[in-house]
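The values are calculated or read from the model by the stated rules, or taken from the named source; none is laboratory data. Just so we're clear, the structure is a prediction, and the values are computed from it rather than from any experiment. With ideal geometry, Cβ positions are generated from the backbone for all residues, glycine too; neighbour counts draw on all protein chains shown. Areas reflect the complete protein model, heavy atoms only, side chains present, ligands, DNA and RNA absent. Shrake-Rupley method; radii C 1.70, N 1.55, O 1.52, S 1.80 Å.
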Amino acid sequence: METTLKNPSKYLGNELEYLKKVLEGESWSATGGSWTIGLEQAFSKRIGTRYGVAFNSGTSTLHAALEALGVGAGDEVITPALTVIMDSTAIFHANAVPVYCDVDEKTFNLDAKKLETLITPRTKAIIAVALYGLSPDYDKILEISERHHIPVIEDNAQAVLSFYKGKMLGTIGDISSFSFENTKHISCGEGGMILTDSEEYAEKCRKLGGHGFRNLRAEDGRVRLNQDMFQNPDYRRHDALGWNYRMPEFTAAVAYAQLERVEELVTMRRKSAQIFMDAMEGCGFLLPQTTPEDCVNSYYSLGVRYLGKEMLGVSWQEFRKEYVEMGGDGYYGAWSVPYLEPVISERTFAKRLPAVYENVRYEEGLCPTAEKIQKQIMQIKTNYRDLELAKQKADVLHRLIRKYQ
């Protein structure tokens, strides 16, 4: 009988100690505190950029990035057809129009060969997603973006310490977006970070996320440093339109403690992914996401195409059910391609700005590769803090594979 193992908590560092320090401090808000600034500085230094701006989520970061780049009503933003819907909704929040690019069948990422055909005079940005922790082909993407003078946003919500040809993801595009949501490499419940080398973009993002306070700067999110000025009734506080996307000090303290252990956390995911890939070696009906030799994947999860329906006559759902019954952890399905979600397919989004979206429609068949592989993908968990548990679950998968081989 297999030993029952539990996955240890992901909060095994200084999280509680740092939360206590926040509670004992004088400021719990990013407007006057120091933990958020400390996290911004430490994270931007670790990735390798000049500026970091903390946000309350990895979705608000995308919205702020688009606004900072000047994306507005009726503009077009190219985004992959296989990704979370937040890349699309952030575009709608900027009153712009998503344009979907099909993906590569092996890497699951944006197919750069199809990118240029989608560019029009209205294209104002490209969102390049590192799906499951794997970098897209930035050489081709940047060659096209530079030739057409279109900025690139890196969506690295699932990629921390990932590399493309020796370059850390987060240092390649004009702006990069990271997520610290509960399932991510660095977790603090909810949270996100914008990174950039541009002082202009950093300051715009900070103001967009901080109510447009005029004294916000690229490197500092505190607004009450000079109380005599700030509390003067003649002082005019706001010079930009902004939202409240700020990261609280409590969240920043937890994320800071996670950042201190980021190499360990990412290494565990890579090792867990390798354990499962070893278990699948030689299996013709399970095809892991292809990681090119010049890329380093951080494996937010292990993406695998399941071809068992075609090769074995066993559906995705049946295979998963059997895996769970044998003691496996199960696996997750990939999100529907965004434009087939009801909010888009039924044109609910169009109510936001009818004049812009009157003729914007998306139909099934728009991106055939993304639609095909989305139905096949298994998202296998890599968030193990005990490799023995990962080995145990991978062994269950191996036994199930052998049954059908």
Computed on Cα atoms only, the convex hull of region 93-167 has an orientation-averaged projected area in nm² of 5.4 nm²
Give the relative contact order (percent, whole number) for the chain; include only Cα pairs under 8 Å separated by 6+ residues.
-> 21 percent
Any lysines whose Cα falls less than 17 Å from that of residue 403, other than same-chain ones fewer than 8 residues away, would be 309, 321, 393
Under the Debye formula (equal points on every Cα, no solvent term), log10 I(q)/I(0) of region 7-103 at q = 0.14, 0.18 Å⁻¹ = -0.76, -0.97
In square angstrom, rounded to the nearest 10, how much accessible surface does residue 179 have for a 1.4 Å probe?
-> 10 Å²
P(r) of region 250-399 over all Cα-Cα pairs, binned every 10 Å from zero, in whole percent = 10, 30, 27, 22, 11, 1
Would you work out what percent of the accessible area of the chain, with all protein chains in place, is carbon or sulfur (probe 1.4 Å)?
-> 51 percent
For region 138-154, 3J(HN,Hα) per residue [Karplus equation, 6.51 cos²θ - 1.76 cosθ + 1.60, θ = phi - 60°, Hz, x = Gly/Pro] = 6, 4, 5, 4, 5, 4, 6, 5, 5, 5, 9, 6, 10, x, 10, 9, 7
Residue-wise, which Karplus ³J(HN,Hα) couplings in Hz belong to region 184-198, taking 6.51 cos²θ - 1.76 cosθ + 1.60, θ = phi - 60°, and x for glycine or proline?
-> 7, 4, 9, 10, 9, x, 9, x, x, 8, 9, 10, 6, 9, 8
Based on DSSP H runs of at least 4 residues, each adding -39500 (n - 2.57), what is the mean residue ellipticity at 222 nm of the chain after dividing by all its residues, to the nearest 500 deg cm²/dmol?
-> -10500 deg cm²/dmol
Heavy-atom accessible area per residue - the chain, 1.4 Å, Å² = 44 Å²
Ranked order, 277, 86 - accessible area, probe 1.4 Å, largest first | 86, 277
HN-Hα J couplings of region 18-23 from phi, Karplus 6.51/-1.76/1.60, θ = phi - 60°, integer Hz, Gly and Pro as x?
-> 6, 4, 4, 5, 5, 4
DSSP-defined antiparallel bridges as percent of all bridges, the chain, nearest 5 | 65 percent
Using alpha carbons only: equivalent-ellipsoid semi-axes of region 111-260, gyration tensor based, whole Å = 32, 21, 11
Quick one: Cα convex hull volume of region 168-236, Å³ per residue?
-> 107 Å³
Compute the distance in nm between two label points, each set 7 Å from the Cα along the Cα-to-Cβ direction, one at residue 4 and one at residue 352.
-> 4.6 nm
